[in-house]
Structure formats: structure tokens, C-alpha cells
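Before I ask anything, let me first share the structure, which is written out below as C-alpha cells.
The values are calculated or read from the model by the stated rules, or taken from the named source; none is laboratory data. Computed from a predicted structure; not experimentally measured. All Cβ positions, even for glycine, are placed from backbone atoms using ideal geometry, and neighbour counts span all protein chains on display.
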């Protein structure tokens, strides 16, 4: 597990959080993530996140569905089991359109949902560290990774200066793992003074 140290700052209002994100990035600190109780328009751009490629993946999945449908029906009616049905052609494209459309939509929908769940690390049994129990209620939580070049106390005072209300240091798993939220984490037993991974 990639256990790292984080400085966590809580904000009570998005109007305070938004300019704080820009200031923290300008100061050169590494923002691990920001948790908000509702979507904040423009926050992804303020964090410097690139635009998602999910729509490109959806197009690829859709083309895969179209190709699969047309290839399979062509193979069935021309190679595997060619039938002469009233003199109709073996490749009746207009008759193939409904099935092709349905498979295109099916591949695109299922593929995009699975890709979204993978990228967002959402699935049954996946557990992630909760930095603040009120991060999905009424608090905006900014999590900054502490690297070898980060001065922790200086970072805390900087967060306080940009409007953070509650600031603390946490040692946590940076990614996700399988587990249950009704069981305690073993991360709390780790030594906070252990070397920090950059």
C-alpha cells in the first residue's frame, strides 16, 4: 500500500475554497484531491485537471459495437449459414440497421459505465480513506500531499492564511483497497514519523 502523509484543510464555503485552490497551486503545493458535498463548477480547471477522455472511450466502444454487429451478421448470412430466403441478398444492410444500432448503444453504454467506475475507483468492496467525515455533508476538504520538499508547519500556516478552518495532518493510504467501512483501518497504527514517500 502507498501510505503517505497529508495535510488536510477544511473550508466552510465554496467562495473561500475556490480562490484558495488557485493560491495553493501557485505556491507550488501538490493537491492530492478536493472533496466537496456537491459539484463545484470550474473546480476541475482551478485544480489543473485535464478534460476527461470518457467521450472518446464511448466513441471507441460504439464503433466496436457497430463493427461486431455487422461482422457477425455478415459472417452468419454469408459464410456460416447462407440461406436463400425468397431471393433476398445475403447482406441486406437495411435489415441489419436495428441490430447494429442496438449493439452500438449497448457497447457504448456498458463500456462507458465500466470505464467510469474504473477511473473513479467505484465498485463493491472498494474502500478509500475518509479525510473528514463531513466532506460529503457541509465541508469542503482540500487534501495536500506532504513530500520531502514540503515544510509541514509552513503549509499549515499557509492554509490558515487562505481561509482553512480546520487543519490537521493524517497518514493514509493514497489509493484504494478492498475492505469494509465497518472495520477500523490499520493505517492508524503506523508511525507518523516514518519516511514520507515522494
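Go through 67, 36 for me and flag whichever is at pLDDT 90 or above and crowded, with 16+ Cβ neighbours inside 10 Å.
Matching residue, one of 67, 36: 36.
Something else now. Which one is nearest to residue 11 (Cα to Cα) among residues in the stretch 39-52 that are surrounded by 15 or more Cβ atoms within 10 Å (Cβ to Cβ) and more than 15 Å from the chain's Cα centre (by Cα)?
My answer is 40.
Sort out which residues of the stretch 1-59 are in a loop (DSSP other than H, G, I, E, B), touching a residue at least 40 places away in the same chain (Cβ under 8 Å) and under 16 Å from residue 155 (Cβ atoms), and write them in order of number.
Scanning the stretch 1-59 gives 27, 29, 30.
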